[in-house]
1. Between Val251 and Glu114, with labels modelled 7 Å along Cα→Cβ, what's the label distance in nm to one decimal, could you check?
2. Can you show me the helix-derived [θ] at 222 nm for the chain, built from DSSP H runs with n ≥ 4 at -39,500 (n - 2.57) apiece and divided by the number of residues, rounded to the nearest 500.
3. Mind ranking 83-90, 371-378, 164-171, 404-411 by how tightly packed they are, going by the mean number of other C-beta atoms within 10 angstrom, highest first?
4. Kirkwood Rh over alpha-carbon pairs of the stretch 18-163, then Stokes-Einstein at 37 °C and 0.692 mPa s: what D in µm² s⁻¹, rounded to an integer?
5. Could you give the length gained by full extension between Gln341 and Glu39, i.e. 0.36 nm per residue of separation minus their alpha carbon distance, to one decimal place?
6. Just to confirm, what accessible area per residue do you get for the chain at 1.4 Å probe, in whole Å²?
7. How much of the accessible area of the chain, probe 1.4 Å, is carbon plus sulfur, in whole percent?
8. Loop only per DSSP, at most 16 neighbouring Cβ atoms within 10 Å: give me the chymotrypsin sites (Phe, Trp or Tyr not before Pro) in the stretch 1-103, ordered by residue number.
Amino acid sequence: MFNLDQFLLDREERADRQFALIDKFNLPLISLRSNYPGENKNAFIPREILEIIHEEIQNILGNSIKYEENIISLEGKTFLLIVKMNAIDLKKLVMEIEEKHLLGRCVDIDIFNENKEPLSRTDLGYSKRKCFLCDNLAFACGRSMAHTHEEIQDNIKTRYINYLSYDKKRENIIDTIGDLALKAMILEVSAFPSFGLVSPLSNGSHKDMNFFTFIDSSFAIKPYLKKMAKVGFSPLSLDIIFSQIRKIGIVAEEEMFLATSGVNTHKGMIFLMGIAVAITSKVLYEDDDFSSISKYISLMCKDILKDFENININSKLTHGEKLFLNHGITGIRGEVKNGLQSIFKGSIDIFEESLNKDSDINKAMIQTLLFLMGELEDSTILHRQNIDTLKEIQKTAKKLLKSGGIYNSENVSIIKTLEDEYITRRISPGGAADSLAVTIFLSNCKNILFK
């Protein structure tokens, strides 16, 4: 028999524990509970739904979660999470989950700031939550008992069943995206001759890495690219997706350095491929077409150049900041802000047209690499060389491509000579290499996931 006194006591003890945690960490707190009518809040479906939303929150917040615990009582299971994040931003994020996730209405996600004050939707200028089953306000329907417990429970059960189908589809898509990203990275480093880049036959112009370093690095970062894809395949806004994948990218870089004993093989790739996998996943979630990926990338990265607006010349500048100040070059940031036009309106067509000629993927990659070397403001070249060398390489690549590229037999020996020359001069078109991998990835996605 349901014990009302114990239920009320459990509620008080939960509130006391929440405030104790806030006092201890002096950070905002999430209280996640089931929104399930009736006395048995520990039944299978509400418990499973709670675990699903808890996992979603963990995936989204990642390392921002500094502590968590759970309480099991007559209220059902309650997750308490301490989060290092602005309380208002945290409230906005969980509101997106509540409103847009298939199971978001089946839970209550309360946010308390570091002063132990609960934040409500109305505090942020939003309307109160609406009812599960009608357009009326939820609290009004609850107060008037407009719907029976059985009606609401049946609705929650239907939502749960629909979610299981959705989750199966999502996992299949994320697995495929992860596999295609890994394949693209390994193919890119397998191309030869590759103008000073690492390949199976040469360390290129690099003394601290080889083909096997890249293999280790690629496998190390694959799980994090899958996590980025999972964040993308969601109802979250583009701003939140970008914020979350950048956090995942930081962890991916750490894993890369562990796998390579401190060698930077894929830092630029993590950034560029991370954006590509997240937005490809988002476009699939929205059931949009392949061509819209460029638009989504541009929208997500619309403010990315703002980092350059307040550069402190008295502080230690990043390589990108120096290039912007000295030459006005925005590099890969400018590329993503413009929706990767060099890829969507250039390298994908070059790659696919090349494959259609003779199905030789190595030739197709070299041809595509030539195109990208001629188009991009490659920050890797600028980092190792200078602006004059970049312009020289761009001019040479364009000239070779215009004369047929790798498909002109007279150019083959020239390309091999350039390979040796660039190794001697320590030239490495790393930015073009990253874009080549993303080109391969997107081409495969188009042909496999957007058929």
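1. Modelled inter-label distance: 2.4 nm.
2. Here the helix-only value at 222 nm equals -20000 deg cm²/dmol.
3. Result, highest mean first: 371-378, 83-90, 404-411, 164-171.
4. Values: Rh = 15.8 Å.
Approximately 208 µm²/s, per Stokes-Einstein.
5. 103.0 nm
6. 47 Å²
7. Percent of accessible area from carbon and sulfur atoms in the chain: 50.
8. Sparse-neighbourhood loop chymotrypsin sites (Phe, Trp or Tyr not before Pro): Phe2.
The values are calculated or read from the model by the stated rules, or taken from the named source; none is laboratory data. None of these values were measured; they are calculated from a predicted model. Reconstructed Cβ throughout: ideal geometry from the backbone, glycine too, with neighbour counts over all protein chains shown. Each accessible area value is taken on the protein alone, full model and side chains, heavy atoms only, with ligands, DNA and RNA left out. Shrake-Rupley method; radii C 1.70, N 1.55, O 1.52, S 1.80 Å.
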